There are 2 protein chains.
Amino acid sequence: MQEDVKTTTLVFQGRVFDLSVQEVVLPNGMAARREIITHPGAVAIAALDTDGCLLMVRQYRSAAGRVLLEVPAGTLEPDEAGSPEVCAERELQEEVGYKPGSLEKLGGIFVAPGYTTEYIHLFLATDLTPSRLDTDDDEMIELVRVPFEEAVRRCETDEICDAKSIVAITRAWAVFQNARRG
Amino acid sequence: MQEDVKTTTLVFQGRVFDLSVQEVVLPNGMAARREIITHPGAVAIAALDTDGCLLMVRQYRSAAGRVLLEVPAGTLEPDEAGSPEVCAERELQEEVGYKPGSLEKLGGIFVAPGYTTEYIHLFLATDLTPSRLDTDDDEMIELVRVPFEEAVRRCETDEICDAKSIVAITRAWAVFQNARRG
């Protein structure tokens with residue numbers, strides 16, 4: 001099913017991602033054009049405190065044109081490709097001011113595999129201890145604590161409509177439900 | 001929390017999306033640069049057949065560099081912005097060759113609100129009747145029937161790792177579970 005890439009033309013180099021246009025040949029011999037965002041990848045964290053609340057963030061999103069409720073997340077630095085855990089620890093500290101005692105992998109997701117390479121590594125963070133809040137200057141975010149089961153319910157409606165947050169929360173919930181069932 | 005957009009510069013006009021660079025001023029007075037993909041939006045459909053199986057598609061994804069298992073989905077045409085249902089019906093016919101007797105809204109998701117405007121409208125399709133398969137020439141896809149509960153389990157691991165598919169399937173599952181609980 002694989003496509004044969006004939007040419008790749010870089011059309012934009014950005015701060016977060018690059019954009020290329022590929023001319024490809026499909027297995028059936030047809031030619032096609034693919035517009036591809038090359039993104040370094042990211043992490044997103046379902047962080048559960050000792051009161052059973054998820055630490056979430058509200059922030060204005062230019063692209064969405066509105067404020068969204070999301071789990072803490074961030075883009076991998078160039079040297080973090082092989083260690084998303086390091087990125088997850090950093091982002092948790094930057095966005096909500098906590099250090100995780102335990103960080104469990106929840107797999108990952110392609111956010112829009114039709115046009116971006118971005119893959120988000122998902123984590124469940126527990127045994128949180130407060131640390132210094134170290135927000136990026138160009139991020140204005142507000143910490144919101146949401147009881148775990150209420151967050152799951154909000155993911156089922158549109159109250160949480162950020163894809164990575166929904167997958168991180170529902171996978172974290174499944175970990176706890178499966179553990180309870182033994 | 002809103003940002004004040006000072007300038008917007010179009011840097012790429014593509015087949016599927018455009019790319020712009022925005023200079024913005026944050027509520028705290030800081031200047032920041034946003035790289036924004038303007039995307040027309042899309043639909044994704046959890047389509048349940050009378051045997052209790054979800055109709056899913058396997059396809060090679062250039063951006064992911066691999067074959068992914070996804071729910072049927074597609075991009076809104078320019079005249080479909082106000083009627084994603086029309087797009088959902090068309091995509092279901094194009095990708096798996098079925099017409100839905102019933103189409104229920106499952107809300108929607110921003111796939112990557114940090115840099116793309118793409119919002120995917122999610123649907124649960126039932127009462128399916130076979131129709132003519134009308135695949136786009138530049139799509140090579142394979143229909144796969146997955147029992148509903150198995151699909152939910154696969155969403156909890158990495159066997160399904162496409163964000164829109166996971167949200168569509170888990171929200172569709174929640175609809176059935178909530179109906180069962182009354």
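Numbers for the structure displayed
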{"item": "Of A:MET140, A:MET30, A:MET56, the one that fluctuates the most in a GNM where chain A has Cα springs shorter than 10 Å", "result": "A:MET30"}
{"item": "Evaluated over the stretch B:1-90, the Cα radius of gyration and Dmax, each in Å", "result": "18.5, 58"}
{"item": "For A:GLY14, residues with placed amide H under 5 Å, excluding near neighbours", "result": "A:LEU19"}
{"item": "Chain B - percent relative contact order, Cα under 8 Å, separation 6 or more", "result": "22 percent"}
{"item": "Alpha-carbon radius of gyration plus Dmax, which is the widest Cα pair, for the protein assembly as shown in Å", "result": "20.1, 60"}
{"item": "Farthest toward positive dipole pole in the stretch A:78-182 [+1 Lys/Arg, -1 Asp/Glu at C-beta], among A:SER131, A:ALA179, A:ALA151", "result": "A:ALA179"}
{"item": "Highest-fluctuation residue, A:PHE123, A:PHE110, A:PHE12 considered, GNM on chain A with Cα pairs under 10 Å", "result": "A:PHE12"}
{"item": "Residues along the stretch A:59-97 losing 50 Å² or more of accessible surface when the other protein chains are present rather than the chain by itself (probe 1.4 Å)", "result": "A:TYR60, A:SER62, A:ALA63"}
{"item": "Spin-label pair B:VAL25/B:GLN2, simplified geometry with 7 Å Cα→Cβ offset, distance in nm", "result": "1.5 nm"}
{"item": "Among B:GLY101, B:GLY82, B:GLY65: highest mean-square fluctuation, GNM of chain B, C-alpha pairs under 10 Å", "result": "B:GLY65"}
{"item": "Loss of accessible area when B meets A, both sides summed, Å² nearest 100, probe 1.4 Å", "result": "5400 Å²"}
{"item": "1.4 Å probe accessible area per residue over the protein assembly as shown, in Å²", "result": "43 Å²"}
{"item": "Loop-resident sites, the stretch B:1-93, for trypsin sites (Lys or Arg not before Pro), counting at most 16 other Cβ within 10 Å (DSSP)", "result": "B:ARG15"}
{"item": "At 1.002 mPa s and 20 °C, Stokes D of the stretch A:39-96 from Kirkwood alpha-carbon radius, µm² per second", "result": "174 µm²/s"}
{"item": "Taking all pairs of distinct alpha-carbon atoms in chain B, Kirkwood radius in angstrom", "result": "17.8 Å"}
{"item": "Magnitude of the charge dipole, the protein assembly as shown, Cβ model with Lys/Arg +1 and Asp/Glu -1, debye to 20", "result": "620 debye"}
{"item": "Residue-wise HN-Hα coupling along the stretch B:55-61, computed from phi with Karplus coefficients 6.51, -1.76, 1.60 (Hz; x: Gly, Pro)", "result": "8, 10, 10, 9, 8, 6, 10"}
{"item": "Accessible-area order (highest first, 1.4 angstrom probe) of the listed residues B:TYR60, B:TYR115", "result": "B:TYR60, B:TYR115"}
{"item": "GluC sites (Glu not before Pro) within the stretch A:55-138: DSSP coil, no more than 14 neighbouring Cβ in 10 Å", "result": "none"}
{"item": "Surface share of carbon and sulfur [accessible, 1.4 angstrom probe, percent] for the stretch B:42-181", "result": "47 percent"}
{"item": "Relative contact order computed over the stretch A:36-135 (Cα-Cα under 8 Å; 6+ residues apart), in percent", "result": "36 percent"}
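The values are calculated or read from the model by the stated rules, or taken from the named source; none is laboratory data. Here the structure is a predicted model, which is why all the values come from computation and not from measurement. Methodologically, a virtual Cβ is constructed for each residue, glycine included, from the backbone with ideal geometry; neighbour enumeration extends over all protein chains shown. When the accessible area is computed, the model is the full protein with side chains, heavy atoms only, and any ligands, DNA or RNA have been set aside. Shrake-Rupley method; radii C 1.70, N 1.55, O 1.52, S 1.80 Å.
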